[in-house]
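What follows is a single structure, written as structure tokens, with notes after it.
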Amino acid sequence: MRKKLVIGNWKLHGSLLENQALLNRLKQELHDIEGVDAAVCLPYVYLYQAQAALQDSTIAWGAQNVSQFTEGAYTSCISAQMVAEFGCTYTIVGHSERRALKLESNQVATKRLLNALHAGLTPIFCVGETLDERDGGMAELIVRNQMLNVVYGLDSQAFALAKKLNMVIAYEPVWAIGTGEHASPEQAQRMHAFIRMMIAERDREFSEQIRIVYGGSMAPQNAESLLSMPDIDGGLLGRAALVAEDFIDTCRIASHCWQQQRQLHAQAAAPAVIV
Ligand code: PEP
């Protein structure tokens, strides 16, 4: 059964002092959480601090992006290989804030994803539609287009790496990010099932294994309804990741949902008793 995955995206927040307090709390409170992998994605300059603070913990850490280039005269770029040197497990790729701010195309996002895979990092590949696109009935078409390179564009070697490194997909409706408004559990479940079906078109086994997490104003108040859905395998949290209690509570809710789902699986798998 897929474990839940709860990732904090710290964005452009933090200071050495604040980070240390937050990382220490997460480490203390989440060391024995069942059925949940927890991770934080921090600004590059704090990766060394995260590595020092978390290396003897169950919490993973990662970057928020990696360059589409591997080396060369690319001022301010940070390569996947550099990020990997700091013990990172994950990197976010294709976040909508990058797509909007830097006009990142699907092609560039795919290049970053490939670099992450070749550096041994697990990419968290973000997809999601804007409000206009949803209102225009185009949500699935947009997400399908964003997913195409990942599903069909990777050659068999890269796809095998994605499988081995447990690539993650984050469904993040743009209209729900940072707005306090989240997708309904039914809306999110429908899109997650759609993404899983796309992956099954290429590899059925991987479609059962891959974790598809939801992002967009997830918080303790709405986490249970979202994380109880069968295809929602966790959350990518922005604002709620900056408050220790909110992140910890969301992880606890994820654990509770995982335990309930495990029970349902066990019941479904139990042989029928004939009387
Ligand atoms: C995000 O930026 O990935 C995100 C989901 O942010 P928030 O939780 O604040 O909506």
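Spin-label pair Glu85-Val45: with each label point 7 Å from Cα along the Cα-Cβ axis, the two points sit 1.8 nm from one another.
Seen from every direction in turn and averaged, the convex hull around the alpha carbons of segment 63-120 projects onto 3.8 nm². Measuring with a 1.4 angstrom probe and ignoring ligands and nucleic acids, Met138 comes out at about 80 Å² accessible. Each label point was placed 7 Å from the Cα along the Cα-to-Cβ direction; for Ala266 and Glu205 their separation is 2.8 nm. Dividing the helix sum by the residues of the chain, where each DSSP H run of 4 or more adds -39500 (n - 2.57), gives a mean residue ellipticity at 222 nm of -14000 deg cm²/dmol.
Averaged over its residues, the chain has an accessible area of 47 Å² per residue, based on protein heavy atoms and a 1.4 Å probe.
Alpha-carbon geometry of segment 1-124: the Rg and the Dmax are 14.6, 45 Å, given in that order. Across segment 190-234, the residues whose backbone nitrogen lies under 19 Å from the label position 7 Å along the beta-carbon direction of Ala244 are 220. Note on segment 150-275: with charges restricted to the Cβ of Lys and Arg (+1) and Asp and Glu (-1), its dipole about the Cα centre is near 280 debye. Shown here: the chain, whose C-alpha atoms stretch 73, 41, 37 Å along the first, second and third principal axes, sorted largest to smallest. Put a plus charge on the Cβ of each Lys and Arg, a minus charge on the Cβ of each Asp and Glu, and nothing anywhere else: the dipole of the chain about its Cα centre is then about 420 debye.
Pairs of Lys residues in segment 4-269, spaced 8 or more positions apart or belonging to different chains, with C-alpha separations under 26 angstrom: 9 in total.
Here's the picture: charge each Lys and Arg Cβ at +1 and each Asp and Glu Cβ at -1 in segment 4-269, and of Ala219, Tyr74, Ala60 the one pushed furthest to the positive end of that dipole is Tyr74. Residues Glu129, Glu18 ordered from highest to lowest accessible area at a 1.4 Å probe: Glu18, Glu129. With a 1.4 Å probe and every protein chain kept in, tell me what percent of the accessible surface of the chain is carbon plus sulfur. About 55 percent, which is the carbon plus sulfur part of the accessible surface. Rounded to 0.05, the FRET efficiency of the Asp135 and Asp155 pair, given R0 = 35 Å and the Cβ-Cβ distance, is 0.45. Backbone amide hydrogens, once placed in the peptide plane, bring Ile78 within less than 5 Å of Ser67, excluding anything fewer than 5 places away on its chain.
A probe of 1.4 angstrom, applied to the heavy atoms of all protein chains, finds Lys163 with accessible area near 50 square angstrom.
Across segment 104-227, the relative contact order, built from alpha-carbon pairs under 8 Å that are at least six residues apart, equals 29 percent.
For the peptides 33-40, 87-94, 219-226, residues were scored by their other Cβ atoms within 10 Å and the scores averaged per peptide; the highest-first order is 87-94, 33-40, 219-226. Residues in segment 215-222 carry Karplus couplings, in order, of x, x, 6, 6, 7, x, 5, 10 Hz; the curve used is 6.51 cos²θ - 1.76 cosθ + 1.60 with θ = phi - 60°, and Gly or Pro positions show x.
The values are calculated or read from the model by the stated rules, or taken from the named source; none is laboratory data. Just so you know, these numbers come straight off a predicted model, no measurement behind them. With ideal geometry, Cβ positions are generated from the backbone for all residues, glycine too; neighbour counts draw on all protein chains shown. Heads up: the accessible areas ignore ligands, DNA and RNA and are worked out on the full protein's heavy atoms, side chains in. Shrake-Rupley method; radii C 1.70, N 1.55, O 1.52, S 1.80 Å.
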